[in-house]
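Report on one structure; see the data block that follows.
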Amino acid sequence: MSKKAALSSLALAAGLALGLAAPVQAFAADAPSPVYNVRIGYVSTERLFTDSKMAKAADSRIEGEFSKRQKALQELASDVKKASDKLESESAGLTEAERTRRAREVLERDAEYRRKLNQFNEDLMQRKNEERANISRIAYEMIQQIAEQEKLDIILQEVAWYSPRIDITDKLISLLDKRTK
């Protein structure tokens, strides 16, 4: 295989990996020397949701909204544990009917606790997802601004590896933080 054919094959493979098959194929067929430049940026969405002031403010709001329910759940869990321990310690001195009745009460309270805990977790996740969706919406607008300013062709997220020189996460977090003030 000639050097030109090898370069054309390599360019085509790189283009396919980036979803740029048409420009790269045109380049591979026509151009004697490679000149096509794709400018790429990378955003760490996880850092957006943990490091930005907007995300931290959202976490504080959510914590405030759910703190009473969380405390009530902790108290209910403690009550169930106490009732279970009391039943276990007094079990020997109880009649079979009394032991069965109290065991059923403990099981019912435990089932209530688990039901409330599941509902709490579902509500908490829904609320967190709402806040993340809001941050994502705002971040998307800012990503477009950064892409236009820096003349980026592609901005990626969720990659196996990236070079720190293409990471625009800090710039994005800075813009989000300015908007949060």
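The values are calculated or read from the model by the stated rules, or taken from the named source; none is laboratory data. What you are looking at is a predicted structure, and each value in this text was computed from that prediction instead of being measured. Positions of Cβ are backbone-derived with ideal geometry, glycine not excepted, and every protein chain shown enters the neighbour counts.
Here are the numbers for this structure:
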read-out: Condition met for Arg132 (touching a helix residue (DSSP H, G or I) at 6+ places or on another chain (Cβ under 7 Å), over 30 Å from Arg47 (Cα atoms) and in a helix (DSSP H, G or I)); value: no
read-out: Count - residues of the stretch 53-73 that are over 16 Å from Asn129 (Cα atoms) and surrounded by 11 or more Cβ atoms within 10 Å (Cβ to Cβ); value: 5
read-out: Residue in the stretch 81-102 that is free of Cβ contacts under 8 Å to residues at least 12 places away in the same chain and either in contact with a Leu (Cβ under 7 Å, 6 or more places away or on another chain) or under 30 Å from Glu131 (Cβ atoms) (or both) present; value: no
read-out: Residue in the stretch 124-145 that is within 30 Å of Arg69 (Cβ to Cβ) and either of a type in the set (Val, Ile, Thr) or not assigned by TED's automatic domain parsing to the domain that holds Ser60 (or both) present; value: yes
read-out: Test result for Ile138, in contact with a strand residue (DSSP E or B) (Cβ under 8 Å, 6 or more places away or on another chain), in a helix (DSSP H, G or I) and modelled with pLDDT of 95 or more; value: no
read-out: Residue selected from the stretch 155-168 under the condition surrounded by 12 or more Cβ atoms within 10 Å (Cβ to Cβ) and at pLDDT below 95, by the criterion nearest to the chain's Cα centre (by Cα); value: Gln157
read-out: Residues of the stretch 169-178 satisfying the condition of being more than 18 Å from the chain's Cα centre (by Cα) and of a type in the set (A, V, I, L, M, F, W, C); value: Leu175
read-out: Qualifying helices (runs of 4 or more DSSP H) (wholly inside the stretch 1-93; at least 3 residues being closer than 30 Å to Glu150 by Cα and at pLDDT 95 or above); value: 45-51, 53-90
read-out: Exclusive hit being crowded, with 16+ Cβ neighbours inside 10 Å and without any contact (Cβ under 8 Å) to a residue 40 or more places away in the chain, set Leu124, Leu152, Leu175; value: Leu175
